[in-house]
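For reference, the structure discussed in these notes is given below.
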Amino acid sequence: MKQLRVLLVEDDPMVREVNRQFIEKVEGFEVVGQATNGVDGLVQIDVFKPDLVFMDIFMPEQDGIESLRKIRELKLPVDVITV
């Protein structure tokens, strides 16, 4: 079975770790990278080529809404869940 590659974008380290643990408990999902803001998240998408981005909305530098807009403007082939 193919693993779905997930990128976590979350500024709070405790929340990021909890999310990582939950995602990795689900069969078929693996966390391939983590970013602390939307700017870094866009870079990480290019590096890791994830299938899914699990992203916070409220973050410093670039929030999740603006990050999602940029992902769609760039037509990056990734699904996004914002929390």
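The values are calculated or read from the model by the stated rules, or taken from the named source; none is laboratory data. Since this is a predicted model, take the numbers as computed values, not measurements. Note that we place each Cβ from the backbone using ideal geometry, even for glycine, and neighbour counts take in every protein chain shown. Remember, those area values only see protein heavy atoms, side chains included, never the ligands or the DNA or RNA. Shrake-Rupley method; radii C 1.70, N 1.55, O 1.52, S 1.80 Å.
I want to confirm something. Restricting to the stretch 52-77 and keeping residues that are in contact (Cβ under 8 Å) with a residue 40 or more places away in the chain and buried (at least 17 other Cβ atoms within 10 Å of the Cβ), which single residue is farthest from PHE22 (Cα to Cα)?
So the residue we want is SER67.
So how many residues does the stretch 55-83 have that are basic (Lys, Arg) and assigned to a loop (DSSP other than H, G, I, E, B)? Reasoning before the result, please.
Just the residues of the stretch 55-83 that are basic (Lys, Arg), to begin with: 69-70, 72, 75.
Subset that is assigned to a loop (DSSP other than H, G, I, E, B): 75.
Qualifying residue count for the region: 1.
Can we say MET1 is without any contact (Cβ under 8 Å) to a residue 60 or more places away in the chain, open to solvent by 60 Å² or more (accessible area, probe 1.4 Å), among the aliphatic types (A, V, I, L, M) and part of a loop (DSSP other than H, G, I, E, B)? Spell out how you get there, then give the answer.
Numbers: without any contact (Cβ under 8 Å) to a residue 60 or more places away in the chain: yes; open to solvent by 60 Å² or more (accessible area, probe 1.4 Å): yes; among the aliphatic types (A, V, I, L, M): yes; part of a loop (DSSP other than H, G, I, E, B): yes.
So MET1 passes the test.
Return the residue satisfying two criteria in turn: it lies in the stretch 4-18 and is charged (D, E, K, R) and open to solvent by 30 Å² or more (accessible area, probe 1.4 Å), and of such residues it is farthest from SER67 (Cα to Cα). Give the steps one after another, and end with the answer.
From the stretch 4-18, those charged (D, E, K, R) are 5, 10-12, 16-17; that's our starting set.
With open to solvent by 30 Å² or more (accessible area, probe 1.4 Å) added as a condition, the list becomes 5, 11-12, 16-17.
Numbers: ARG5: 19, ASP11: 13, ASP12: 17, ARG16: 17, GLU17: 21 Å.
Selected residue: GLU17.
Just to be sure, is GLN21 open to solvent by 60 Å² or more (accessible area, probe 1.4 Å), on the phi < 0 side of the Ramachandran plot and touching a strand residue (DSSP E or B) at 6+ places or on another chain (Cβ under 6 Å)? First the steps, then the outcome.
Numbers: open to solvent by 60 Å² or more (accessible area, probe 1.4 Å): yes; on the phi < 0 side of the Ramachandran plot: yes; touching a strand residue (DSSP E or B) at 6+ places or on another chain (Cβ under 6 Å): no.
The answer is no for GLN21.
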